Amino acid sequence: MEGSAKRSAAQALSGGPEAAGGGGNASASDNDGEGDSKRACTDLRSRVANTRSEPGNIKKIDQAWKEVFGHLKLEDVSLVSEIGKTRPRNHVNPLASQFLSPVEPPKWAEIFEDTSKPLFIDVGCAQGRFGLLMATNEKWKDWNHLGIEIRAPHVTRANAWAERKGLKNVHYVSCSANSSLGPIISSYPGTVEWVAVQFPDPHFKRKHHKRRVVQPAFLEDLARHSQKGCKLFMQSDIEEVVAQMRDRTDGCSFFDRVGTYTPRDEALDPEICRNGADDSLWTKSGQRAEGKAIDFGDWLEGPNPVGVPTEREVQNQALDLPVYRCLFERNDRDVPPPSLNTTVSGPKPHPEA
Ligand SMILES: C[S@@+](CC[C@H](N)C(=O)[O-])C[C@H]1O[C@@H](n2cnc3c(N)ncnc32)[C@H](O)[C@@H]1O
């Protein structure tokens, strides 16, 4: 495919090259120097933040939020006297020592009415509205839904919301998915059939890329504990972030692609994405760097296969911003046992138990 055709395929998918928060106009450096890398991160991060905080955009987001989540009537569920105000920190470091040990898996029979139902796990579920929508959605209401979120105050409130709404098929756990996903999956009495990583924290700075949730060890752990056919769905508005998740998953051999994808630029070496290349692909003027890929391509075509938007996705839809997606399925390749140096210490009591 010619360059211009590739470009237009990417633009059609992304909502246009000027859309902030995606890949098209991110301003970044064309070398890996620490100073340029920092500047590139700041540029991209503030572009994403500024787009959302423009007055007209706040209004649009507000409106969309009401349209999608309004019917849940969460503002009628007053929890402040019970659980206090929910003011979690903006960011939590998943590599902090308290998150490195797995939490005790939930007592499934106490949280779900029917533990034989297939389980959908949403990794990094934030405030949990997505889970509430899923639990009541026509297509997904006969599944169980588990949100995993590292920021405990969100989990406390989301569980209280679910309880007040009388929902017996949705629950939230406070932990790092990196240490706890495996034990959670293997302890579930039914089958875990979907795992979603949606709009994960981008950790823009190169030195913080190791905090990103989809690491090779995360994929191996997921593959080790999940059954053949389990779907792995990933999406983000930050193209570089989801390109890294996609190419790492392609590279780990335990998952196969599902669906139809836009063409990928042959010049884009998978190693570039796998290593996290949010600055090296860009020039300071926001163009793709000389000799680098014209576009990443290789994105799942069509609408979101889940059909239910997350909190972040609603904001994106309201502003007509791009979203990049990929879908995988666990194949039957065996996963080697974990190496000794990736072993984490034994479970500690679950904070929500
Ligand atoms: C940008 S938010 C996206 C939330 C939601 N998925 C959405 O699409 O609206 C990413 C969330 O992942 C959580 N998170 C980050 N690292 C995590 C980890 N290792 N385990 C569990 N949650 C994590 C963050 O606290 C944050 O709430």
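The values are calculated or read from the model by the stated rules, or taken from the named source; none is laboratory data. What you are looking at is a predicted structure, and each value in this text was computed from that prediction instead of being measured. FYI the Cβ positions are ideal-geometry reconstructions off the backbone, even for glycines, and counts take in every protein chain you see.
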_Criterion first (over 30 Å from residue 106 (Cα atoms), at pLDDT 65 or above and touching a helix residue (DSSP H, G or I) at 6+ places or on another chain (Cβ under 6 Å)) does residue 279 satisfy it?_
no
*Check every one of the strands (runs of 3 or more DSSP E) wholly within region 147-257 and list those with 1 or more residues that are acidic (Asp, Glu) and surrounded by fewer than 24 Cβ atoms within 10 Å (Cβ to Cβ).*
192-198, 255-257
_Residue tally, condition more than 18 Å from the chain's Cα centre (by Cα) and closer than 25 Å to residue 211 by Cβ, over region 159-183_ = 1
*asked:* Could you go through region 172-181 and let me know if any residue there is at pLDDT below 95, in contact with a helix residue (DSSP H, G or I) (Cβ under 8 Å, 6 or more places away or on another chain) and of a type in the set (Ser, Thr, Tyr).
replied: no
*Return the total of residues in region 137-169 being without any contact (Cβ under 8 Å) to a residue 40 or more places away in the chain, more than 11 Å from the ligand (Cβ to nearest atom) and not small (Gly, Ala, Ser).*
6
*Just a yes or no: is a residue in region 309-322 more than 16 Å from the ligand (Cβ to nearest atom), under 21 Å from the mean Cα position of the chain (by Cα) and at pLDDT below 95?*
yes
*Check whether at least one residue in region 209-219 is within 14 Å of residue 274 (Cβ to Cβ), within 12 Å of the chain's Cα centre (by Cα), touching a residue at least 60 places away in the same chain (Cβ under 8 Å) and away from the ligand (no atom under 15 Å from the Cβ), and report yes or no.*
no
*Across region 192-208, what is the total count of residues that are within 11 Å of the ligand (Cβ to nearest atom), in contact with a strand residue (DSSP E or B) (Cβ under 8 Å, 6 or more places away or on another chain) and not hydrophobic (A, V, I, L, M, F, W, C)?*
3
*Please enumerate the residues belonging to region 220-266 that are closer than 24 Å to residue 188 by Cα, within 16 Å of the ligand (Cβ to nearest atom) and among the aliphatic types (A, V, I, L, M).*
222, 232, 234
*What about residue 305, is it more than 16 Å from the ligand (Cβ to nearest atom), surrounded by fewer than 17 Cβ atoms within 10 Å (Cβ to Cβ) and either modelled with pLDDT of 95 or more or not aromatic (Phe, Trp, Tyr) (or both)?*
no
*Within region 124-142, considering residues that are in a loop (DSSP other than H, G, I, E, B) and of a type in the set (Gly, Ala, Ser), the one nearest to the chain's Cα centre (by Cα)*: 124
*Hey, can you tell me all the residues within region 258-276 that are among the β-branched types (Val, Ile, Thr) and in a loop (DSSP other than H, G, I, E, B)?*
258, 260, 262
